[in-house]
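To start, the structure under review is shown below, and the notes come after it.
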Amino acid sequence: MYNLDMDYNKSMYAYMKDYTLKHSECAVARGNFKMSPLKLMNEIKRVAGGLYKLGVRQGDVVMSALPNIEQAVSLLYASALLGAVFAPVHPLISEKEFEREVAIQKPKVLAISAVNAMRFSKHRGEAKVVYCPYCFHGFLGLPYSKEYVEYTGNGNIPALHMHSGGTSGVPKTVVLSHSGANALVDNMLSSIPYHFDKKDSMLVTLPMFHGFGLIVGVHAALSADVKTVLLSKFSGKSALKEIVRHKITTMIAIPRMLNKFLATKGFEGDNVSSLEHVFVGGDTLDKRLAEEFNDVMNRAGAGAVAQQGYGLTEMGSVCVLSSKTDPVGTIGRPFNNVDVAIVDDNGQALPDGERGELVLGGNQMMMGYLEKDEDAFVSINGKRYLRTGDIFAKNGDNLSFYGRKKRLIKIFGMNVFPSEIERVAKELPFVKNCGAFERIVNGKTQIELVVEGSITEKQREEIQKHIGKNLSHWHIPRIIKTIEKMPYTSIGKIDYVSLFNGECEENKPKKE
């Protein structure tokens, strides 16, 4: 049983190590591979010694581009043990995105999968590279050493660099402290009306470059002595296999994953009866989808329901969670030690029931952005709050969500930035101006790009190819339309509301 009076002002490693007695038989599992708590602790120390020998010291960055594999877990806590910063990025990003990340992060060490060795190692900059084979549970290029200096401070130093859409939908790098990440775990475990222990198992469906996947799926689970089952690549079939194999009790997911589960043969009955808790975040949970999922759980005799939560990387991830007894579609209530307010466009607090921008404060809030952005914060009665860019209303402790104010698109739980799509598209000489946003087509999110002027069919294909090469495939616009002239606001910015609601040119692209 974990101790809710535990001090979170320490490194993530020390917090995870000291929070429980670590009496479970298995701490981390992936496929047939298992690590006991003792083996995990020894591996973390071994990796810390290797990183130290490669020159990693307090404040240095260890950047990883890995799927959910045990090496990523060891690197996370080995970095924390040294007081270094763990900076996970998507292993499927383009080479140019990776090169930009290296330029921004300036890592001392890069950890990449063997699959990406050719793509990424040539963009290492000054960093030393460690390779993490998918099937070999170890490291290539990591020297052996038992010597390192452990960070033993109060946790108020950077621990994680995570990607976010910022408060306006512009991509930024969130800096989270050790104590902030630990506080999220503390706040969550003290807010929910049940206790986790060695009988429980967590299926980590979300990637570790995602705050929800890293801090809740991995850090919270290991801190609470919960067996952490890593899923390297999500599919309904692969996830169901792990649910059955490990009798999974707890799972984090995004709405699209629930759709995948419902379409998976065998996701019913005894196969899923072990599920007790399913926490859903990353996007808005459709009421119909939640009801269908809950019906499957009920018929299986499982104790789980789809519990909607809300969070953002700037708060470590989740900070608001509904209960099992709340009506479907309820966002829920803030965790303990999370302060909330609803404000108008001038940053003035609004009374209950009125809609405005949600602002958040408390001990799990980020230290700031790597790129520096003081506009992300607002002061209320002398207290610092974070702007979320999302529209809410508050009734007592209950929060209701009404939409996004910031320009940020979520696809399969991934942040997709319209501003980045536009920037890359305008690198092409025939794209003078453009605007990107999301469209829901047959229940699925697709990117639409509106280009000013006329373009040919070949140019449309070139836009898609150029964006796919320089950004992730999630950024590729599946719909490309043209408009004679962009609508603008009174201050000269593109009027995205009018663009989204307006009619684009219906002229067919010119053939060459």
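Couple of notes before you dig in:
- Within the stretch 300-331, considering residues that are in contact with a Gly (Cβ under 9 Å, 6 or more places away or on another chain) and under 12 Å from L275 (Cα atoms), the one surrounded by the fewest Cβ atoms within 10 Å (Cβ to Cβ): G301
- Residues of the stretch 173-183 that are within 16 Å of Y77 (Cβ to Cβ) and in contact with a strand residue (DSSP E or B) (Cβ under 7 Å, 6 or more places away or on another chain): L176, S177, H178, A181.
- Among (1) in contact with a Phe, Trp or Tyr (Cβ under 9 Å, 6 or more places away or on another chain); (2) in contact (Cβ under 8 Å) with a residue 40 or more places away in the chain; (3) not in a loop (DSSP other than H, G, I, E, B), the one test that L142 misses: (3)
- Of the strands (runs of 3 or more DSSP E) contained entirely in the stretch 260-327, those carrying at least 2 residues that are without any contact (Cβ under 8 Å) to a residue 40 or more places away in the chain and either acidic (D, E) or closer than 30 Å to S179 by Cα (or both) fall at 277-280, 306-312.
- Which listed residue, of G49, G59, is surrounded by fewer than 21 Cβ atoms within 10 Å (Cβ to Cβ), closer than 21 Å to S145 by Cα and within 24 Å of the chain's Cα centre (by Cα): G59
- In the stretch 388-399 there is at least one residue matching the filter, namely being more than 29 Å from S498 (Cβ to Cβ), small (G, A, S) and not in a strand (DSSP E or B).
- Restricting attention to the stretch 402-427 and to residues that are at pLDDT 85 or above and not basic (K, R), the residue that is surrounded by the fewest Cβ atoms within 10 Å (Cβ to Cβ) turns out to be E427.
- The numbered conditions (1) more than 30 Å from I248 (Cβ to Cβ); (2) in contact (Cβ under 8 Å) with a residue 12 or more places away in the chain are all true for N381 except (2).
- Residues of the stretch 428-447 that turn out to be surrounded by fewer than 11 Cβ atoms within 10 Å (Cβ to Cβ) and in contact (Cβ under 8 Å) with a residue 40 or more places away in the chain, as a count: 0
- Any chance A103 is surrounded by 23 or more Cβ atoms within 10 Å (Cβ to Cβ) and either touching a Lys or Arg at 6+ places or on another chain (Cβ under 9 Å) or among the hydrophobic types (A, V, I, L, M, F, W, C) (or both): no
- Identity of the residue in the stretch 193-248, among the aromatic types (F, W, Y) and outside any helix (DSSP H, G or I), that ends up farthest from A14 (Cα to Cα): F234
The values are calculated or read from the model by the stated rules, or taken from the named source; none is laboratory data. Remember, it's a predicted structure, so these values are computed and weren't measured experimentally. Backbone-built Cβ (ideal geometry, glycine too); neighbour counts: all protein chains shown.
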